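The values are calculated or read from the model by the stated rules, or taken from the named source; none is laboratory data. What you see is a predicted model; the values in this text were computed from it and never measured. We place every Cβ from the backbone using ideal geometry, glycine too, and count neighbours over all the protein chains shown.
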Amino acid sequence: MGIVTGDIAVNQVGYHLFDQRMDQVMLPYCLKHNIGFMAADEIVRRHSFSTYRRKFEGQIAEGKLAAEKVIVVKPNTFMNESGRSVGAAVSFYKLMPEDVIVFHDEIDLIAGKIRVKRGGDHAGHNGLRSIHCHIGEDYARVRFGVGHPGHKDRVASHVLKDFAKSDQDWLGKVLDGAAENIELLIRGDDNEFMNRVALNVKPPTKNEGQDQTPLVTQRDGKRDAD
């Protein structure tokens, strides 16, 4: 059993809409800080999880991924208090931090890129800081790149802006790729998960051969190429 959760910037519910036709995401104009919730919602939709219900100071949906029961948790607290919701769910289901995957925005990655990290520092992210306080650091996090505004004084306004119309193509592809390949992440195959999402965002051209350098290297379990 595991928990998938995301961070949200403000205490809001129902900001998203999905188009069921042709299994495509209809992207809302929503805050960059909320990309973690968008990814969680696409997993719920794609894999036919239960309808959300209120619990643990948030909303939860239940389903199965890779033959395991999975709970998606969307905290309704402010982002810097989201650890309360996640901690309550972990305690109720008697889970370990290693059973938790957190989706969140990352300004230090260019838009459309993702990285998976298991354990380690919160790197100043207020949502992760709160989760650290409640369950420790040994959980997985999927970092969705939203780009950096260029100066630290503009970071807050950058992540609290809606995604632009020009973002919709890569955003839809990265959310679709994450939801389609989430079972790889549940099984612990982080590199293959990142590879599949990267290919969904930017598929290889017809001139790229089979002996291309892989998108993900095994060094430190991180993706090195652009």
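Where residues in region 131-156 are at pLDDT 90 or above and small (Gly, Ala, Ser), which of them is farthest from the chain's Cα centre (by Cα)?
Gly136
Mind listing whichever residues of region 49-78 are touching a Gly at 6+ places or on another chain (Cβ under 7 Å), surrounded by fewer than 21 Cβ atoms within 10 Å (Cβ to Cβ) and over 17 Å from Asn126 (Cβ atoms)?
Correct list: Ser50, Glu68.
Does Met26 count as assigned to a helix (DSSP H, G or I), over 12 Å from the mean Cα position of the chain (by Cα) and at pLDDT below 80?
On the way: assigned to a helix (DSSP H, G or I): no; over 12 Å from the mean Cα position of the chain (by Cα): yes; at pLDDT below 80: yes.
No: the conditions fail for Met26.
Testing Leu128 on (1) more than 12 Å from the chain's Cα centre (by Cα); (2) modelled with pLDDT of 90 or more, one condition comes back false. Which one is that?
(2)
Among the listed residues Leu184, Leu215, Leu160, which satisfies the condition of being under 30 Å from Ser91 (Cβ atoms) and either modelled with pLDDT under 80 or in contact with a Phe, Trp or Tyr (Cβ under 6 Å, 6 or more places away or on another chain) (or both)? Walk me through it before giving the result.
On the way: Leu215 fails: under 30 Å from Ser91 (Cβ atoms); Leu160 fails: under 30 Å from Ser91 (Cβ atoms).
Checking each option against the conditions leaves just Leu184.
Would you kindly identify the strands (runs of 3 or more DSSP E) lying entirely within region 35-129 that contain at least 1 residues that are touching a His at 6+ places or on another chain (Cβ under 9 Å)?
On the way: elements: 53-55, 58-65, 68-75, 100-106, 114-118.
Here the list reads 58-65, 68-75, 100-106.
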